[in-house]
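Below is one structure, written out as structure tokens; the observations come after it.
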Ligand code: SAH
């Protein structure tokens, strides 16, 4: 018994680094083939996605698919977005150091981690209790002290920490929640999929101009899981 344990420990020791190398390679490949090849060019976004360990944020059964070109199930009917979509939404808000960003729909925590590699502070809210808990503890283990995660209805934003330089909403809403517009800084950008659930929605960029007026632009057709309310 002891010997088997010893052997498995040794095997783990030998195999684990090889796996790490594989994930590292898969990640570089993901960025080249799925992001750069499709026009994502914002270096900080590309670098962040080259380093965030996406395979550590998906359920065990999905680890082998972590770097594939598609969304993956994370339980409770929810998904981790396709890497390209994460790259696109990150690039579009033009994140830089010094910024404070709000994300609605923590899900796996992956989008939050990508942002946390670039900006100073990330606030993220998830409505499904179990997902909120899992993401929070994984992100802590992975060492992201600048991510502040909570369970709750993102419709109301996170007032205590507003205003935000940018807001990323990762669930499709029929309209833009007014509290989120309010919590966006003047000059800030919000990216949000707008449209009915289970149909194709429009990914929209909302810019709050210095005079407080809003400028909106349709970016591309997308399919996101629905924005739900408690
Ligand atoms: N950004 C996530 C994508 C998760 S999918 C990632 O990187 O993995 C969108 C998430 O939004 C789901 O987990 C869903 O439960 C959550 N969600 C839906 N409506 C919400 C709301 N009103 N407030 C907060 N989270 C919400």
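All of the numbers you see were taken from the coordinates with simple rules; none came from a lab. None of the values given here were measured: they were computed from a predicted structure. Quick reminder, even Gly has a Cβ in these numbers, built from the backbone with ideal geometry, and neighbours come from all protein chains shown.
Expressed as a rounded percentage, what relative contact order does the stretch 2-222 have, with Cα pairs under 8 Å and six or more residues apart?
On the way: 407 pairs, mean separation 28.2, N = 221.
Rounded, it is 13 percent for the stretch 2-222.
The C-alpha atoms of the chain define a longest principal axis, and helix 129-141 lies at about 60 degrees to it.
Given a Förster radius of 35 Å and the C-beta distance between residue 198 and residue 21 as r, what FRET efficiency does 1/(1 + (r/R0)^6) yield to the nearest 0.05?
Working: r = 40 Å, r/R0 = 1.14.
That pair, residue 198 with residue 21, gives E of 0.30.
Distance from the alpha carbon centroid of the stretch 125-193 to that of the stretch 50-80 works out to 20 angstrom. Summary of packing: across the peptides 192-198, 56-62, the per-residue average of other C-beta atoms within 10 Å ranks them, highest first, as 192-198, 56-62.
How do 210-218, 113-121, 31-39, 47-55 rank on mean C-beta neighbours within 10 Å, highest first? List each step's numbers first, then the result.
Working: 210-218: 9.6, 113-121: 22.7, 31-39: 15.0, 47-55: 18.9.
Listed from highest to lowest mean packing, they are 113-121, 47-55, 31-39, 210-218.
Classify the chain as rounded, prolate or oblate, taking a ≥ b ≥ c as the square roots of the eigenvalues of its Cα gyration tensor: rounded when a/c is under 1.5, otherwise prolate if a/b is larger than b/c and oblate if not. Taking the square roots of the gyration eigenvalues as a ≥ b ≥ c, the chain is prolate.
Expressed to the nearest 5 percent, the antiparallel share of DSSP beta bridges inside the stretch 104-207 is 35 percent.
Assuming a ≥ b ≥ c are the square roots of the Cα gyration tensor eigenvalues, decide whether the stretch 100-152 counts as rounded (a/c under 1.5), prolate (otherwise, with a/b larger than b/c) or oblate. Cα axes put the stretch 100-152 in the oblate bin. Between the Cα long axis of helix 83-92 and the first principal axis of the chain there is an angle of about 40°, rounded to the nearest 10.
Give the angle, between 0 and 90 degrees and rounded to the nearest 10, that separates the Cα long axis of helix 2-30 from the longest principal axis of the Cα atoms of the chain. Long axis of 2-30 versus the principal axis of the chain: about 40 degrees. Of all beta bridges DSSP finds with both residues in the chain, what is the antiparallel percent, to the nearest 5? Restricted to the chain, the bridges split so that about 45 percent are antiparallel.
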